[in-house]
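Worksheet for the structure shown next.
The values are calculated or read from the model by the stated rules, or taken from the named source; none is laboratory data. Source: prediction; values computed, not measured. Counting neighbours? That spans all protein chains shown, and the Cβs are built from the backbone with ideal geometry, glycine included. Surface accessibility is based on the protein's heavy atoms, side chains included, excluding ligands, DNA and RNA. Shrake-Rupley method; radii C 1.70, N 1.55, O 1.52, S 1.80 Å.
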Amino acid sequence: SLLYLQEPSNKRVRPLARVTSLANLISPVRNGAVRRFGQTIQSFALRSDSKSPGCAQKSCSRSAAPTPPKRRNSVLWSEMLDVNMKESLSTKEIKRQEAIYEMSRGEQDLIEDLKLARKAYHDPMLKLSIMSEEELNHIFGDLDSYIPLHEDLLASLGEAKKPDGTVEQIGPILVKWLPRLHAYKGYCSNQLAAKALLDQKKQDRRVQDFLQRCLESPFSRKLDLWSFLDIPRSRLVKYPLLLKEILRHTPKDHPDIQILEEAISIIQGVLSDINLKKGESECQYYIDKLEYLDEKQKDPRIEGSKALLCHGELKNKNGHKLYVFLFQDILVLTRPVTRNERQAYQVYRQPIPVQELLLEDLQDGDVKMGGSFRGAFGNSDKAKNIFRVRFQDPSPGQSHTLQANDVFHKQQWVNCIRSAIAPFQRTAAAAELKELPELSEEAEENNPSAPNIKAQKRQSAISGITEMELDESASECSSILDSEEAKGAKTHRTPSGHRKTREKQLSGKRKETLV
């Protein structure tokens, strides 16, 4: 306000210039987070070996760090060969050895990161009482126990290396070692809760200050604590890609071919099991955070859920934010709330069982979103990316029109809900088909073209009637067979005279029926 008093009114643009100039004074925590985001992705994909110079320049263009960040060695396997050795190997073999070396080097980097997480983060925070031992154990898990696991693979790859630096066979080593990665089930299952606790602890000024100092230190390579804690998971999902790359450059007549294919199958199975366990843990994590306003909202299908198919933020017709959970058997709409600085989810309205769920994919503009105030502006508030969910039975009277942030998220929700509903729709359709013959018996009596199912089933019971009689009687009227079923056994042994008489009686009945 002092600036406005001192300066004439025709220079109002100047204070705005001063405001925009404050962009350079934004807290380094936020800028660091933005910078870390890009560098974290690069570190996972390229192990931060081949960061672009432009990224490094951007980091240094701001306030100069006390010391440059520590960088890892980015030497390729082929660069360590002498000229004669390189000429003796084919291009395909060089690429194969490069892929094997990348796996070995990745293991070495992972071991260093696991040790660093313990030495630079866990131990100092425990010693300085920044966090309690229980909190640190919850966040870090049993991270130390995985160091020997990866050291064993690294040692095996080192033993398989020839004096010239090449590895002849890697398949048997991997087939033996990969099943041990099942040990990561517990760690990956705990990640969601660990991340939530870490985010909560970051509100503490001491924790925030310690982590910021670590981030600015060279050893961190501009990665935050969670990036180090998440590196094992990112390493797991990279194994199939590494194995496929080795297999791609392995000659078809090489003994590793079949063994590498087996190794790929093993790691895919391991990842599938870990994902399943992680999904169950994530499902239970959110179930524990649900709050019910009414006992009627509680449904045993919620507590019994083992899979969370989809979840995220959506808006209802009034523009209020909802957090929606699609469990395997039930859809739950909630309102995010905070309880003692912890996130919770208050159940909104009655959960809809998937078996009773009806989905409507609405077109853009079909529904107006927002309250009465927005409605006063006419057609300008017609909603996009909307769909509706409701009970199949209209008696509960619950219908929810939901809006996603964009087309992509809407399609994700629609596809996910359709997939969840599909098994119940197939079951219902199968039940209807099963009941169809009984429901259509009356129609068959008056329909000459009805299927000959009943006649075939009763052929043994009415064997006294000729095959021609069965076909004719079934096609003309199934009621004749019903009336004569009880007499079928006696007819089987009647004399031929009686049979002729019976045929005449049947033919008379047929004439009456046809008339």
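Among P163, Q284, P148, whose Cα projects farthest towards the positive end of the dipole of segment 74-287, with charges put on the beta-carbon of Lys, Arg (+1) and Asp, Glu (-1)?
Q284
Hey, got the dipole for segment 231-384? About the Cα centre, +1 on K and R Cβ, -1 on D and E Cβ, debye to the nearest 20?
Computed about the Cα centre, the dipole is about 660 debye.
Leaving out ligands, DNA and RNA, and with a 1.4 Å probe, what % of the accessible surface on segment 74-287 is carbon or sulfur?
51
Over all pairs of distinct alpha carbons, what does the Kirkwood formula give as the hydrodynamic radius of segment 260-367, in Å?
Evaluated on segment 260-367, it is 15.9 Å.
Suppose every K and R has +1 on its Cβ and every D and E has -1 on its Cβ; what is the size of the dipole of segment 74-287 about the Cα centre, in Debye to the nearest 20?
420
Students often check this: by mean Cβ neighbours within 10 Å, which of 136-142, 333-339 ranks highest, and how do the rest follow?
For the peptides 136-142, 333-339, the packing ranking is 136-142, 333-339.
Could you sort the peptides 244-253, 259-268 by per-residue average Cβ neighbour count (10 Å cutoff), highest mean leading?
Peptide ranking by packing, descending: 259-268, 244-253.
What accessible area per residue comes out for segment 74-287, rounded to a whole number of Å², with a 1.4 Å probe?
Counting only protein heavy atoms, the per-residue value for segment 74-287 is 48 Å².
Quick one: compute the contact order of segment 74-287, relative version, from alpha carbon pairs under 8 angstrom and 6+ residues apart, as a percent.
Across segment 74-287, relative contact order equals 29 percent.
Between segment 95-136 and segment 176-192, how many Å separate their Cα centres?
Using only Cα atoms, the two centres lie 16 Å from each other.
About its Cα centre, what dipole magnitude does segment 200-320 give when the only charges are +1 on Lys and Arg Cβ and -1 on Asp and Glu Cβ, stated in debye to the nearest 20?
Dipole magnitude for segment 200-320 comes out near 480 debye.
Convex hull volume of the Cα atoms in segment 74-287, per residue, in Å³?
126
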